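The values are calculated or read from the model by the stated rules, or taken from the named source; none is laboratory data. Note that this is a predicted model, so its numbers are computed, not measured. Heads up, the Cβs are rebuilt from the backbone with ideal geometry, glycines too, and the neighbour counts pull from every protein chain shown. The area values use the complete protein model at the heavy-atom level, side chains included, leaving out ligands, DNA and RNA. Shrake-Rupley method; radii C 1.70, N 1.55, O 1.52, S 1.80 Å.
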Amino acid sequence: MKKVLTPFIIFSSLLVFTNCKNTNNNTDVSKENPSVQITDEALLDSVQRRTFNYFWDGAEPTSGMARERYHIDGEYPLDDANVVTSGGSGFGIMAIIAGIDRGYVTREEGVARMDKIVSFLEKADSFHGVYPHWWYGETGKVRGFSDKDNGGDLVETSFLMQGLLAAHQYYVNGTDTEKAVAARIDKLWRAVDWNWHRNGKNVLYWHWSPEHSWEMNFAIHGFNECLITYVLAAASPTHGVPAEVYHEGWAENGAIVEPHTIEGIKLNLRYQGTEAGPLFWAHYSFLGLNPTDLKDDYSPNYFEEMKNYTLVNRAYCIRNPKGFKGYGENSWGLTASYSTVGYAAHEPAERGDHGVITPTAALSSIVYTPEESMKVMRNLYSMGDKMWGKYGFYDAYSETDNWYPQRYLAIDQGPISVMIENYRSQLLWKLFMSHPDVQNGLKKLNFGSPSLKK
């Protein structure tokens with residue numbers, strides 16, 4: 001499901017990384033009684049395993065890609081049980097890499113799945129190398145997200161490429177089979193025409209359609225979930241954009257900097273249409289892009305900014321100005337998800353708060369707020385079958401409305417698994433940040449990071 005931005009929100013090689021922790025012998029507590037006390041490490045592993053399985057056992061079988069959604073009840077009002085998602089599959093690729101490294105599946109099984117995914121992408125509909133938001137998994141034909149959004153989606157493509165570049169680094173120095181998959185990933189990466197999506201201007205546009213051209217007319221400005229889009233556009237060795245596109249388009253010639261205080265917490269950046277938006281803005285770009293001591297001309301420290309952004313969301317839920325049942329230190333997190341009012345981008349503002357808590361919000365923030373996020377994870381686990389299903393915690397719930405749908409979304413499950421792994425080992429951060437093109441792109445945009453080679 002796409003995160004639609006409006007002025008008013010309505011909707012990261014085995015040989016190189018042998019030091020990454022492998023925990024094949026972790027105890028799988030996924031079938032334990034939630035009332036039994038378990039260690040943080042065991043709980044983390046159990047949650048990571050189940051969310052990994054969304055992208056492994058729950059994948060669309062023909063393509064190997066991530067299903068957009070999975071409903072336990074089998075009801076799909078839009079007849080989209082086998083519709084697959086580009087961005088969610090990028091998150092899933094990273095979750096699979098982590099699962100391979102932890103021994104959830106064998107390395108041979110993992111590369112076979114990656115071969116299936118790459119084979120699908122090589123033949124599936126694309127537009128100037130840019131992938132659509134959705135396809136039919138059985139055929140690779142585009143499934144329009146809306147009437148005019150039936151072509152290339154640059155933002156979802158960037159989420160997919162973030163995952164593929166991490167996979168490239170995982171395989172590039174491996175076996176002959178793994179090296180071959182890495183080489184094919186490189187071809188997909190080099191085929192993306194980021195420059196085309198400038199539409200002749202110094203800004204990137206989200207959508208292009210062969211039928212409707214640029215009619216969606218959605219220029220991407222910051223700050224939101226799209227930082228990774230500009231980083232990869234600058235990083236491309238074949239169709240890259242000049243640095244001016246980042247500075248004039250994303251940063252709007254410096255207007256992205258807007259220091260302000262919300263919930264008594266300082267933020268430095270201007271968040272599109274709101275003082276602080278939904279929490280996925282702190283997750284999607286940073287699944288591979290390591291925010292630790294990351295800085296550029298507009299933020300002195302992205303980790304601290306995203307940590308404070310998360311704490312704003314938590315503080316709002318604890319203050320709970322609308323008096324919803326269940327909000328508190330163990331139950332917080334507003335982001336885009338299923339909702340009692342339809343799919344919505346919940347945010348820490350009364351206009352965007354509908355009494356719905358979404359597990360991915362706090363759990364995917366574990367890299368920023370480990371103690372606070374673990375409290376939420378334990379609370380969710382204590383709720384038992386009401387929230388704990390075969391692919392991890394269900395997408396969202398509302399105590400106020402006694403609403404506990406047994407449904408999942410790829411874009412919410414993926415960040416949970418990936419950020420848990422980054423918290424445990426930094427594996428996906430290490431992989432993505434090691435890619436030579438990523439290194440070049442960040443330097444081109446004047447980023448600083450401990451991950452950048454001199």
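Name every residue in segment 64-113 that is in a loop (DSSP other than H, G, I, E, B), open to solvent by less than 30 Å² (accessible area, probe 1.4 Å), over 25 Å from residue 206 (Cα atoms) and not aliphatic (A, V, I, L, M), in order of residue number.
64, 102, listed by residue number.
Would you check if there is a residue in segment 386-406 being assigned to a helix (DSSP H, G or I) and either surrounded by fewer than 21 Cβ atoms within 10 Å (Cβ to Cβ) or touching a strand residue (DSSP E or B) at 6+ places or on another chain (Cβ under 7 Å) (or both)? Break it down into steps so the answer makes sense when it comes.
Of the residues in segment 386-406, the ones assigned to a helix (DSSP H, G or I) are 386.
Remaining after also requiring either surrounded by fewer than 21 Cβ atoms within 10 Å (Cβ to Cβ) or touching a strand residue (DSSP E or B) at 6+ places or on another chain (Cβ under 7 Å) (or both): 386.
Yes, segment 386-406 has at least one match.
Within segment 408-423, is there a residue that is part of a loop (DSSP other than H, G, I, E, B), on the phi < 0 side of the Ramachandran plot and open to solvent by 10 Å² or more (accessible area, probe 1.4 Å)?
No, segment 408-423 has no match at all.
Among the residues of segment 308-328 satisfying the criterion of being assigned to a helix (DSSP H, G or I) and of a type in the set (Lys, Arg), which is farthest from residue 397 (Cα to Cα)?
Across segment 308-328, the extreme among qualifying residues is 319.
Taking only pairs six or more apart or across chains, which ones have beta-carbon atoms under 6 Å, a first residue in segment 307-332 that is under 14 Å from residue 371 (Cα atoms), and a second residue that is open to solvent by less than 30 Å² (accessible area, probe 1.4 Å) and part of a loop (DSSP other than H, G, I, E, B)?
Correct list of pairs: 307/368; 310/365; 310/368; 310/369; 314/332.
Here's the yes/no breakdown for (1) more than 17 Å from residue 159 (Cβ to Cβ); (2) among the small types (Gly, Ala, Ser); (3) open to solvent by 10 Å² or more (accessible area, probe 1.4 Å):
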site: 214; (1), (2), (3): yes, no, yes
site: 229; (1), (2), (3): no, no, no
site: 240; (1), (2), (3): yes, yes, yes
site: 243; (1), (2), (3): yes, yes, yes
site: 250; (1), (2), (3): no, no, no
site: 295; (1), (2), (3): yes, no, yes
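Report, by residue number, each residue of segment 367-385 that is surrounded by fewer than 24 Cβ atoms within 10 Å (Cβ to Cβ), out of contact with any strand residue (DSSP E or B) (no Cβ under 9 Å at 6 or more places or on another chain) and in a loop (DSSP other than H, G, I, E, B).
369 - this is the single residue of segment 367-385 that is surrounded by fewer than 24 Cβ atoms within 10 Å (Cβ to Cβ), out of contact with any strand residue (DSSP E or B) (no Cβ under 9 Å at 6 or more places or on another chain) and in a loop (DSSP other than H, G, I, E, B).
Could you run through segment 119-169 and say how many residues are surrounded by 21 or more Cβ atoms within 10 Å (Cβ to Cβ), among the β-branched types (Val, Ile, Thr) and farther than 13 Å from residue 193 by Cα?
1
Looking at 193, 186, which one is in contact with a helix residue (DSSP H, G or I) (Cβ under 7 Å, 6 or more places away or on another chain), open to solvent by less than 50 Å² (accessible area, probe 1.4 Å), of a type in the set (Asp, Glu) and over 18 Å from residue 108 (Cβ atoms)?
After ruling out the rest, the residue left standing is 186.
Could you please find all residues in segment 196-208 being farther than 26 Å from residue 280 by Cα and either open to solvent by less than 10 Å² (accessible area, probe 1.4 Å) or among the aromatic types (Phe, Trp, Tyr) (or both)?
Within segment 196-208, 196 is the sole residue that qualifies.
Show the residue pairs meeting these rules: Cβ distance below 6 Å; 6+ apart or different chains; first residue within segment 371-383 and within 15 Å of residue 42 (Cβ to Cβ); second residue open to solvent by 20 Å² or more (accessible area, probe 1.4 Å) and assigned to a loop (DSSP other than H, G, I, E, B).
From residues that are within 15 Å of residue 42 (Cβ to Cβ), the pairs are 381/34; 382/34.
Does residue 322 count as more than 18 Å from the chain's Cα centre (by Cα), surrounded by fewer than 24 Cβ atoms within 10 Å (Cβ to Cβ), modelled with pLDDT of 95 or more and not small (Gly, Ala, Ser)?
For residue 322, the condition - more than 18 Å from the chain's Cα centre (by Cα), surrounded by fewer than 24 Cβ atoms within 10 Å (Cβ to Cβ), modelled with pLDDT of 95 or more and not small (Gly, Ala, Ser) - is met.
Please verify whether segment 283-297 includes one or more residues that are at pLDDT 95 or above, among the hydrophobic types (A, V, I, L, M, F, W, C) and farther than 25 Å from residue 442 by Cα.
Within segment 283-297 (the criterion being at pLDDT 95 or above, among the hydrophobic types (A, V, I, L, M, F, W, C) and farther than 25 Å from residue 442 by Cα), the answer is no, since none of the residues qualifies.
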